[in-house]
Amino acid sequence: MDKRRYGGLAAFIAAPLLIALTTSRSESLRPDPPELRADASLEVISGRDSGGGTLREAITAAARHQGRVRIVIHARRIALLSPLPPLVNAEGAVLDASVSRCELDASAIGDIPALQITSPNSTVAGLRVRNARDAAILVRAPGATIRDVAVRDSADGIVLSGARGSVVERSLFERNTNGVRIDGSSPGAVIRGCTFRNHDGAGIWAVTSVRNDAPVARIENNTFRDDRVSIVVVNLAAAIMKNDIRGAVENGVYLMQSRSTVRSNRVLGGAAGGILADRTDNVRIEQNEIDHNASVGIMVRSSRNAGVQRNVVYANGYGIASIFGDRGAPNVIAGNLVMNHRVDGVFIVGSSPLLRTNRLLQNGGAAARVLDFVPWDAPRIASDPRFDANTFTGNALNAAVRGDYRPKRERETR
């Protein structure tokens, strides 16, 4: 072979190798992201519950250190036999299992959180937790970052309580009671880019006993599959945006006494309804795509000043339902595309919303059904909606059909 040709071929073969070696070296020299940096580092090399090189020993040593500490977990699996001490370092702690993907088995520790964080601005990365009978990770300090974790078969995946400004991202929650729980003491929490599957309670459970209208959570770009309810928000305010919600056993999104915004989500395939807003005030349900839910695409019940606008709602049982409400603070249903439902496009009972510029197309019942509520032992509640510039086309009944709704009388007991 000609030497010049051979030399060219050698250079051609060597170039990718040189690039690979250069990339590998540059990756190793790349600084850690800020949330993983620390003043000191501790190594976990043992999967035992206690003793030298264990996670328990590292957490205890971190508590004694004056600066921020990074605990790097090399062990692949740790079976806890007793509760771990909490992370308490005043400057923050890093629990880094991003390489090992260590699994923490909490089945033997009882009704106690597997991991407790009371150290501000702490980070947990890459950890897997299974079989926690309480919370897998309890965060009770502000500014935590929980990234790339996975929690399965536990009571609660992550609990944020007193965790102002904490972030949970790119994580997996599967077969827990609740994936993430948030209370009213954690304003500014962010849940993004996570996957939730098969929860008996809710994928995200944001609930408090006392109403708080200050924004508590931003829930965005998450995926939900086959949870009982995907997102529950009660007495709190949340921004629920750009989530993909499918196959909920009950509702995809359930809001009660909540001043939330639900925007640009996809909600489909639920065994019951898509979005239910119950006793809400100034809720905004906008620009969502809601389809193939067995009951109602969007229901607004006993609410004030709700804005249901610019949604695409199709192929559900009913399209949009407005049940009861405050005549002095009417709900606005405007600019929605409502089509191809098995029954009615819009269903109104004892409510007087404003319906403006909606397109109600090819629904199997009425374009709109307007019913007064007639209880057995109380005054009639009239429905008096206002219709303005709506389009009714191709429905079984191209009209606003009026009538009465009388609830079933309870059976007398003998």
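Note down the magnitude of the dipole of the range 127-208 about its Cα centre, charges +1 on Lys and Arg C-beta and -1 on Asp and Glu C-beta and zero elsewhere, to the nearest 20 debye.
Numbers: 12 positive and 8 negative charges, 37 e Å.
The dipole of the range 127-208 has a size of about 180 debye.
Could you give the length gained on full extension between Ala239 and Ala63, defined as 0.36 nm per residue of separation minus the Cα-Cα distance, in nm?
Roughly 59.7 nm would be gained on extension.
Placing +1 at every Lys and Arg Cβ and -1 at every Asp and Glu Cβ, with all other atoms neutral, what dipole size does the range 49-97 have around its Cα centre, in debye to the nearest 20?
Working: 6 positive and 4 negative charges, 16 e Å.
With only Lys, Arg, Asp and Glu charged at Cβ, the dipole is about 80 debye.
Convert each backbone phi in the range 311-323 into a coupling constant with the Karplus relation 6.51 cos²θ - 1.76 cosθ + 1.60 (shift: θ = phi - 60°), then list the ³J(HN,Hα) values in order as whole Hz, x for Gly and Pro.
Going residue by residue, I get 8, 10, 10, 8, 6, 9, x, 10, x, 10, 10, 10, 10 Hz, with x marking Gly and Pro.
To the nearest 0.05, what FRET efficiency results for Val99 and Val190 with a Förster distance of 30 Å applied to their C-beta separation? Write down the numbers at each step before the final one.
On the way: r = 25 Å, r/R0 = 0.83.
For Val99 and Val190, the calculated efficiency is 0.75.
I'd like the Karplus ³J(HN,Hα) series for the range 176-193: coefficients 6.51, -1.76, 1.60, θ = phi - 60°, whole numbers in Hz, and an x wherever there's a Gly or Pro.
Couplings: 9, 5, 10, x, 10, 10, 10, 10, x, 9, 10, x, x, 5, 10, 10, 9, x Hz.
Quick one: if you stick a label point 7 Å off each Cα along the C-beta vector at Ser302 and Thr391, how many nm between them?
Placing both labels 7 Å beyond Cα along the Cβ direction yields 3.7 nm.
Near the amide H of Gly247, under 5 Å away, which other amide H atoms are found, from residues 5 or more places off or on another chain, if H is placed in the peptide plane?
Distant-sequence amide H within range of Gly247: Asp226, Leu268, Gly269, Gly270.
Take the Cβ-Cβ distance between Asn282 and Arg175 as r, set R0 to 35 Å, and report the resulting FRET efficiency rounded to the nearest 0.05. Walk me through the numbers on the way to the answer.
Numbers: r = 36 Å, r/R0 = 1.02.
Once the sixth-power term is evaluated, E becomes 0.45.
How far is the Cα center of the range 255-275 from the Cα center of the range 372-404, in Å?
The range 255-275 and the range 372-404 have Cα centres separated by 24 Å.
Compute the length gained on full extension between Val374 and Asn221: take 0.36 nm times their separation in residues and subtract their Cα-Cα distance, giving the result in nm to one decimal.
Numbers: separation 153, 0.36 × 153 = 55.08 nm, distance 4.26 nm.
Result for the pair: 50.8 nm of gain on full extension.
Quick one: if the Förster radius is 60 Å, what FRET efficiency do Ile45 and Ala214 give, using the C-beta to C-beta distance and rounding to 0.05? Spell out each step's value before the answer.
Values: r = 45 Å, r/R0 = 0.75.
Rounded to the nearest 0.05, the efficiency is 0.85.
Among Lys242, Lys408, which comes first, second and so on when ranked by fewest other beta-carbon atoms within 10 Å? Numbers along the way, then the final one.
On the way: Lys242 15, Lys408 6.
Fewest-to-most Cβ neighbours within 10 Å comes out as Lys408, Lys242.
Charges only on Cβ, +1 for Lys and Arg, -1 for Asp and Glu: so what's the dipole of the chain about the Cα centre, in debye to the nearest 20? Show your work: numbers first, answer last.
Numbers: 53 positive and 41 negative charges, 133 e Å.
Value, rounded to 20: 640 debye.
With Cα extents along the principal axes in Å as the read-out, I listed (i) 84, 73, 39; (ii) 84, 50, 42; (iii) 115, 46, 33; which label goes with the value calculated from this structure?
(i)
How would the range 220-316 be classified by its alpha-carbon gyration tensor: rounded, prolate or oblate, with rounded meaning a/c under 1.5 and the a/b versus b/c comparison settling the rest?
Working: a/c = 1.43, a/b = 1.36, b/c = 1.05.
Rounded, because the longest to shortest axis ratio a/c is under 1.5.
Every number here is computed from the coordinates shown, using simple stated rules; none is lab data. Worth saying up front: this structure is predicted, and the values here are computed from it rather than measured. Here the Cβ is made from the backbone with ideal geometry for all residues, glycine too, and neighbour counts use every protein chain on show.
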